[in-house]
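Participant: Got a structure for you, written out below as structure tokens; questions coming shortly.
Bear in mind these aren't lab numbers, they're just calculated from the coordinates by the rules spelled out. Bear in mind that the values here come from a model prediction, so they are computed numbers and not experimental data. Quick reminder, even Gly has a Cβ in these numbers, built from the backbone with ideal geometry, and neighbours come from all protein chains shown.
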Amino acid sequence: MAKEMLTTLEQKIDPRWAVLLVIDMQNDFCAEGGAFHRSGVDVTPLQTPARTIIRLVESAHQTGVPVIFIRNVYNTPGGWYLSDVMLEQALRCWNGRYHTIPMCERDSWGGDFYDRVRPGESDLVLIKHRFNAFANTDLDLILRSKGIRTVVACGVLTNICVESTVREAFFRDYYTIVPKDCVGTLDDELQRVSLRNIAFGFGQVVDSDEIIRIWKSRKMEG
């Protein structure tokens with residue numbers, strides 16, 4: 001039997017079937033001294049979402065919405081996860097990252113979570129090795145096991161790992177919500193275009209305050 005269509009934000013982010021994904025908030029992306037910063041990137045736009053993400057995670061915890069932190073592991077001794085395709089792209093476009101500047105090594109400071117954007121005791125940490133958090137991971141199995149219908153996605157980079165994951169979630173028939181003040185990328189133009197593309201083709205773009213307000217009201221009702 002077909003499920004009832006969810007047409008409002010309130011319906012979509014109902015704690016009974018919503019999940020919050022926190023994508024790639026790691027030092028190598030966001031912190032000064034991380035791989036992005038060492039390769040010449042201004043990481044300020046990647047740090048900006050941290051405060052609002054913390055508020056959103058706290059709201060999810062208070063409301064009983066499950067939270068999954070997505071964590072990259074890319075560089076390893078022996079290069080087990082980096083294909084020639086990824087390394088060629090990195091060689092052309094990524095200013096030494098993945099080659100002379102390792103990215104998100106396992107058990108490293110660079111691969112650790114950024115600042116206070118960290119999982120709580122009940123949160124799940126999911127390891128991925130590609131931009132899309134569904135690619136060769138257990139994410140879909142986890143979501144379906146929990147009866148999830150809606151993915152709320154935040155983190156970095158908006159136009160790369162966040163958008164890749166949101167697209168795949170949509171392809172797998174999950175409703176997708178992106179809080180625009182809880183995602184960040186390298187410049188305003190990339191941010192604008194990516195959010196516009198997500199809103200047009202793959203999900204709903206909102207402000208985090210709208211999500212928090214709805215979750216707070218559901219908590220009060222409970």
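Participant: With just the Cα atoms defining each centre, how far is segment 135-168 from segment 184-200? Give it in Å.
Facilitator: Between the Cα centres of segment 135-168 and segment 184-200 lies a distance of 18 Å.
Participant: Another question about this same structure. I'd like to compare 67-78, 23-34: which one has the highest average count of other Cβ atoms within 10 Å, and what's the full order after that?
Facilitator: So the peptides 67-78, 23-34, ranked by packing, come out 23-34, 67-78.
Participant: When the helices in the chain are scored as -39500 (n - 2.57) per DSSP H run of 4 or longer and the sum is shared across all residues, what 222 nm value do you end up with, to the nearest 500 deg cm²/dmol?
Facilitator: It lands at -10500 deg cm²/dmol.
Participant: Let me know the shape class of segment 95-139, please: from the alpha-carbon gyration tensor, a ≥ b ≥ c as square roots of the eigenvalues, rounded when a/c is under 1.5, otherwise prolate if a/b is greater than b/c, or oblate.
Facilitator: Oblate.
Participant: Rounded to the nearest 0.05, what FRET efficiency is calculated for Leu126 and Phe171 with R0 set to 25 Å and r the Cβ-Cβ distance?
Facilitator: 0.85
Participant: Still on this model: With a ≥ b ≥ c the root eigenvalues of the C-alpha gyration tensor of segment 125-222, is it rounded (a/c under 1.5), prolate (a/b larger than b/c) or oblate?
Facilitator: The shape class here is oblate.
Participant: Give me D for the chain in µm² s⁻¹, whole number, from Stokes-Einstein with Rh from the Kirkwood sum over alpha-carbon pairs, 10 °C and 1.306 mPa s.
Facilitator: D, rounded to a whole number, is 90 µm²/s.
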